Structures are given as structure tokens and as C-alpha cells.
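Let me begin by presenting the structure, written as C-alpha cells, before commenting on it.
The values are calculated or read from the model by the stated rules, or taken from the named source; none is laboratory data. The shown structure was predicted, so the numbers you read here are calculated from the model rather than taken from an experiment. In this analysis, Cβ positions are derived from the backbone assuming ideal geometry, glycine residues included, and neighbour counts consider all displayed protein chains. What goes into the accessible areas is simple: the full protein's heavy atoms, side chains included, and nothing from ligands, DNA or RNA. Shrake-Rupley method; radii C 1.70, N 1.55, O 1.52, S 1.80 Å.
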Amino acid sequence: MRALITGGKGFVGQWLTAHLKDSGDEVVVIDIETDVADGAAVRRVVSDVVPEAIYHLAAMTHVGESWDDPSPVLRVNVLGTAEMLAAARSLPAAPRVLVVSSAEVYGVVTPEQLPLGEDTPKAPASPYAASKLAAEDVALQAWRGFGQPVVVARPFNHIGPGQSPNFFVPALAKRIVEARRSRAGSLRVGTLTTRRDFTDVRDVVVAYRLLMEKGAPGMVYNVCSGHDVAMSEVADDLLRLAGVDISLETDPELVRPVDVPVLRGDAGLLRAATGWQPKIPLATTLADVLSSWEAD
């Protein structure tokens, strides 16, 4: 299968590229050198590649930064999705398109709503989450209005080696390694009470390819482990793996204006459609993340 990945040089894109190539696919990658919100630029790429499958990962993904400057987030995440879908429709044979959303679209939920299913009401609490829900609507409208074969993946938190330190787990792992080297006794951190549903990125990209093959057009699929873990537990595990005794102190400057207390998903639809199951334990993922910073 000839595949085009947008955002292919990012954290998930690099792992997806490797997985697709290992699976025998021909892969073309574009990233920030192509403005996905520029319709003419996207059409040129798509007409040159003529993909059979498009994995649309390109997005501005940092939740915290979206509060400071929401306009470019909306432009890239929403308009970029619309332009990619329009370019795909311009081909003689419409490729299947996987649009990657985010579990942040669920917003602040109550314990009674857990685990979150695809039909749980959406209430985005950040500009980033709002942009992702709008991108979903654009994708699903393309299926309803044009009959375009579009599938939406709604991943929960995914982590692994190579992730930017703009995100909690790799940032903390990096700082723990640095603190061990400098023999610092404490670290300032953000909120540790939130709970998240973590999946290894290497499992996530397997789910994406399976959805491209077997997902039903016009459907949304959660990609998650089904288990939530407190950030404090993740921090304790990283400290234990690093073999250090460092105190973590909450810094109000690192706390977001609104932080979703807990996210835990139900991947039943994904399992039923594809047979996917996550295989890599969280402990293994955390050890690999820590090792990646130790190697730097």
C-alpha cells in the first residue's frame, strides 16, 4: 500500500513510518515543510504521491501552549484537516484517510462517565481540544457529504522514546536524569493528581494501520489501554527506575488554567473492528523513555 503521512517527522509519525515500512508499505512523509492549511501546497503533494492511504497526523499538539495562542492551533488542526481531505477528494480514486483526533475532546468528565466510549458527550476544555473536535466534525462531514472513506482515531495519552519534553512524561524523565547528574535534591513540577490512560506509541501506530485496513468509514475509534494511572504514580515509577530519591514540588506556574482530572477510555469498538490489543506494559515504556534520555 502506498501511504502518505502528514506530520510524519514528529514523534508518532516516525514510529508510524517505521511500522508501515516493516509491514511492507511504501511510505511518503511530509511535515512542517508543507503547510497543511495551504490548499494549493497540499494538492500538489497529494497529486504527486497519489496515495492509497493518508494518515493525517499533522497538528499543533501542545495543550498548554494552545491557551496562549489558539489561532494557529485552530488554523492547522481544523483548516489543515479540511484541506487534506479536499486534496484527497481531487484524486481519481479517493484514498482512505485516517484523521487522528484526541481524547481531550471529552473534556472534564465525572467518575460516573468512565470508561469513556465514543458516544460519551464531548465538552472540550482547551483550545487544542476544541480544534480537535472541530477537525473530527470536518472529517465526518466528508464521509456524510461526499462519501469519502474517512476513519477517525481518538487516541488517549500515548508515550514512548523520542517524545518531545514539551509533554509531562518525557519532560519529567529528562529532568530526573539531569537532576541525578547534578545531584539536585528536588524538582518543581505541575499537577500530579490528574489520572491518564497511557498507551505505548509503538502499540498506537499498530492500531492506526489496522484502522486503515479494517476501520469502518465514518466511524470514530478510541485508542487506549482502558486503565488510568495517576501522574504521581508515573513520577514515582520514573524515580524508582532512575534509582534516585528526589522530592517533587508543585509549581503553580506549571499548572494549566483547566486540567482534565481523569481520562480512561473504552477501546471496545477498536478491538471488535481490528482485534487490536496493547502489548507493551507501562513499566516497559517508562524504562525505555528514561533510557532514551540517559543515552543523550
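Data for the structure
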quantity: Net dipole in debye of the range 127-216 [+1 Lys, Arg Cβ; -1 Asp, Glu Cβ; about Cα centre; nearest 20]; calculated: 520 debye
quantity: For the chain, size of Cβ-based charge dipole, Lys and Arg +1, Asp and Glu -1, in debye; calculated: 460 debye
quantity: Distance in nm between pseudo-label sites at Asp237 and Val108 (7 Å out along the Cβ direction from Cα); calculated: 2.7 nm
quantity: Count of Lys pairs (Cα-Cα under 23 Å; at least 8 positions apart or interchain) in the chain; calculated: 8
quantity: Alpha-carbon spread of the range 95-146, three principal axes, descending order, Å; calculated: 39, 22, 16
quantity: Highest to lowest packing among 156-162, 239-245, 105-111, scored as the average C-beta count within 10 Å; calculated: 156-162, 105-111, 239-245
quantity: Rg(Cα)/(2.2 N^0.38 Å) for the chain, N = residue count; calculated: 0.99
quantity: Residues listed by number, the range 182-215, amide nitrogen under 14 Å from Ser247 label point at 7 Å toward C-beta; calculated: 184-189
quantity: Most fluctuating residue given options Ala93, Ala82, Ala37, as computed from a GNM of the chain linking Cα atoms under 10 Å; calculated: Ala93
quantity: Sequence-distant residues sharing a close amide H with Ala123 (under 5 Å, placed H); calculated: Tyr106, Gly107
quantity: Considering only the chain, percent of DSSP beta bridges that pair antiparallel, nearest 5; calculated: 5 percent
quantity: Surface per residue (accessible, 1.4 Å probe) for the chain, Å²; calculated: 43 Å²
quantity: Heavy-atom accessible area order for Lys174, Lys132, largest first, 1.4 Å probe; calculated: Lys174, Lys132
quantity: Heavy-atom accessible surface of the chain: percent carbon and sulfur, 1.4 Å; calculated: 52 percent
quantity: Inter-probe distance in nm under a simple model that places probes 7 Å from Cα toward Cβ, at Ala184 and Lys214; calculated: 4.5 nm
quantity: Pair Ser164, Ala40: separation of 7 Å Cα→Cβ label points (nm); calculated: 2.8 nm
quantity: Nearest-0.05 FRET efficiency for Asp259 and Asp68, computed from C-beta distance (R0 22 Å); calculated: 0.90
quantity: Computed over the range 1-124, the ratio Rg/Rh where both radii use C-alpha atoms and Rh is Kirkwood; calculated: 1.02
quantity: Rg to Rh, two decimals, where the range 214-296 supplies the alpha carbon set and Rh follows Kirkwood; calculated: 1.07
quantity: Solvent exposure, largest accessible area first (probe 1.4 Å, DNA, RNA and ligands not counted), of Trp276, Trp293; calculated: Trp293, Trp276
quantity: Given charges at Cβ of Lys, Arg, Asp, Glu: the range 173-296 dipole, positive-most of Leu282, Ala230, Ala184; calculated: Leu282
